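The values are calculated or read from the model by the stated rules, or taken from the named source; none is laboratory data. Note that the structure is predicted; figures quoted are calculated from it, not measured. All Cβ positions, glycine included, derive from the backbone under ideal geometry; neighbour counts span all protein chains shown. Accessible surface is based on the protein model in full, side chains and every heavy atom, while ligands, DNA and RNA are left aside. Shrake-Rupley method; radii C 1.70, N 1.55, O 1.52, S 1.80 Å.
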Amino acid sequence: MKEKLSAIREEAMKQIEASDSLEKLNDVRVTFLGKKGELTSVLKSMKDVAPEDRPMVGQLVNETREAIEALLDETKTKLERAARAEQLEREVIDVTLPAKKNNVGHRHPNTIAQEEVERIFIGMGYEVMEGPEVEYDLYNFEKLNIPANHPAKDEQDTFYINKDIVLRTQTSPVQARVMEQGKLPIRMIAPGRVFRADEVDATHSPSFHQIEGLVIDKNVTFADLKGTLEVFVKELFGEATKIKFRPHHFPFTEPSAEVDVSCFKCGGKGCRFCKGEGWIEILGCGMVHPHVLEMCGIDPEEYSGFAFGVGLERIALLKYEIDDMRLLYENDARFLKQF
Ligand code: DAH
């Protein structure tokens with residue numbers, strides 16, 4: 001028995017030392033210490049040992065087991081360390097290699113223009129508000145003084161969800177929504193997407209963006225509107241920009257005007273950019289119609305206000321001298337990354 005144990009011990013030590021991987025080492029553990037292992041079978045044959053020898057043989061078995069376990073553990077630690085060192089070696093990063101190109105997107109010209117307009121109006125104490133793109137006919141038309149059979153409804157042909165709900169044709173319904181909230185005075189702009197049943201061409205798209213403006217307070221006059229828009233266009237297109245109001249008609253403002261700015265390319269002499277006019281139309285505006293104020297719960301005897309609506313794409317196209325609106329929607333990165 002004694003010889004057998006020392007033979008097992010010797011063989012185990014030899015095999016452990018020869019193990020060059022964790023898998024092999026584990027196989028050795030199973031061979032010697034496992035349920036069907038060599039040492040276990042010795043224990044099972046204890047019944048054949050004379051009773052007086054059993055304590056001595058038992059102790060010997062334990063010593064052999066401990067010796068094998070100790071060497072197994074030691075070798076395991078060694079092999080793990082070696083594996084880790086090898087992994088670190090393999091994964092070393094060469095910091096002198098050129099970095100991988102990281103393609104980061106950037107802001108769309110529409111977004112840049114919108115943020116610029118927001119910056120200007122926030123600077124004048126305006127709040128930026130929002131309204132729904134899917135809107136009630138009531139807000140998009142009725143409350144803006146455009147009743148069912150009004151010709152303006154035809155000009156702004158849109159997509160009907162049903163008889164009462166449309167894709168908004170303008171950001172003007174946000175005016176009605178904000179006025180109805182009843183918190184006065186109001187000084188807000190409302191940028192957002194609008195929809196019209198228009199064919200796509202260089203200056204039209206069935207979906208585009210506007211920025212609405214609304215100011216309601218006591219004693220607001222057309223002079224305030226003029227002054228505000230003058231500051232706006234000078235900030236946007238440069239200090240030398242001149243502004244011109246042309247009488248116009250919008251159902252929800254009275255009086256109404258369209259605003260032209262002097263061409264910032266030729267300074268007003270006339271060029272290809274302004275189609276020889278010297279002026280470029282940029283927005284519609286006016287004094288909020290008393291009937292609109294009334295419909296939105298504001299007393300026109302006490303309050304007055306002005307409103308304006310500007311096309312966002314128009315500003316982006318002008319500012320960046322882009323001659324076709326479709327380019328803004330094609331999402332061609334080669335085009336977009338120029339701005
Ligand atoms: N909503 C008008 C349009 O889409 C633009 C407009 C004109 C807005 C006059 C206004 C305004 O707020 O006062 O054609």
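Just a few scattered comments:
- Number of the condition not met by residue 194 [criteria: (1) in contact (Cβ under 8 Å) with a residue 12 or more places away in the chain; (2) within 25 Å of residue 245 (Cα to Cα); (3) assigned to a helix (DSSP H, G or I)]: (3)
- Residue within segment 139-155 that is assigned by TED's automatic domain parsing to the domain that holds residue 210, within 32 Å of the chain's Cα centre (by Cα) and touching a residue at least 40 places away in the same chain (Cβ under 8 Å) present: no
- Unmet requirement for residue 246, which otherwise passes all of (1) open to solvent by less than 60 Å² (accessible area, probe 1.4 Å); (2) farther than 23 Å from residue 301 by Cα; (3) within 16 Å of the ligand (Cβ to nearest atom): (1)
- Residue match in segment 180-201 (condition: in contact with a Pro (Cβ under 7 Å, 6 or more places away or on another chain), at pLDDT 95 or above and within 15 Å of residue 129 (Cα to Cα)): no
- Cross-chain or 6+ apart pairs with Cβ under 6 Å, segment 300-312 first and closer than 30 Å to residue 113 by Cα and part of a strand (DSSP E or B), then within 8 Å of the ligand (Cβ to nearest atom) and open to solvent by 20 Å² or more (accessible area, probe 1.4 Å): 309/210; 311/210
- Tally, over segment 264-285, of residues that are over 35 Å from the mean Cα position of the chain (by Cα) and buried (at least 20 other Cβ atoms within 10 Å of the Cβ): 1
- Search result, residues across segment 218-240 that are in contact (Cβ under 8 Å) with a residue 12 or more places away in the chain, away from the ligand (no atom under 14 Å from the Cβ) and either under 17 Å from residue 187 (Cβ atoms) or surrounded by 16 or more Cβ atoms within 10 Å (Cβ to Cβ) (or both): 218, 219, 221, 230, 231, 233, 235, 236, 237
- For segment 313-339, a residue qualifies if it is surrounded by 13 or more Cβ atoms within 10 Å (Cβ to Cβ) and in a loop (DSSP other than H, G, I, E, B), and the qualifying residues are 320, 322, 329, 339.
- Residues in segment 159-171 that are within 16 Å of the ligand (Cβ to nearest atom) and either farther than 23 Å from residue 199 by Cβ or open to solvent by 10 Å² or more (accessible area, probe 1.4 Å) (or both): 2 in all.
- Number of the condition not met by residue 215 [criteria: (1) within 14 Å of the ligand (Cβ to nearest atom); (2) in contact with a Cys (Cβ under 9 Å, 6 or more places away or on another chain); (3) open to solvent by 10 Å² or more (accessible area, probe 1.4 Å)]: (2)
- Residue list for segment 249-289, restricted to those being within 9 Å of the ligand (Cβ to nearest atom) and outside any loop (DSSP other than H, G, I, E, B): 250, 253, 256, 257, 258, 283, 284, 285, 286, 287, 288
- Scanning segment 290-308 for residues that are open to solvent by less than 20 Å² (accessible area, probe 1.4 Å) and either within 15 Å of the ligand (Cβ to nearest atom) or under 30 Å from residue 207 (Cβ atoms) (or both) gives 292, 293, 296, 305, 306, 307, 308.
- Selected residue (only one of 152, 148 is out of contact with any Asp or Glu (no Cβ under 6 Å at 6 or more places or on another chain), over 21 Å from residue 207 (Cα atoms) and at pLDDT below 95): 148
- Residues that are among the aliphatic types (A, V, I, L, M) and free of Cβ contacts under 8 Å to residues at least 24 places away in the same chain within segment 313-332 comprise 317, 327, listed in sequence order.
- Residue ID - most open to solvent (accessible area, probe 1.4 Å), chosen from residues in segment 113-154 that are among the acidic types (Asp, Glu) and out of contact with any Lys or Arg (no Cβ under 6 Å at 6 or more places or on another chain): 130
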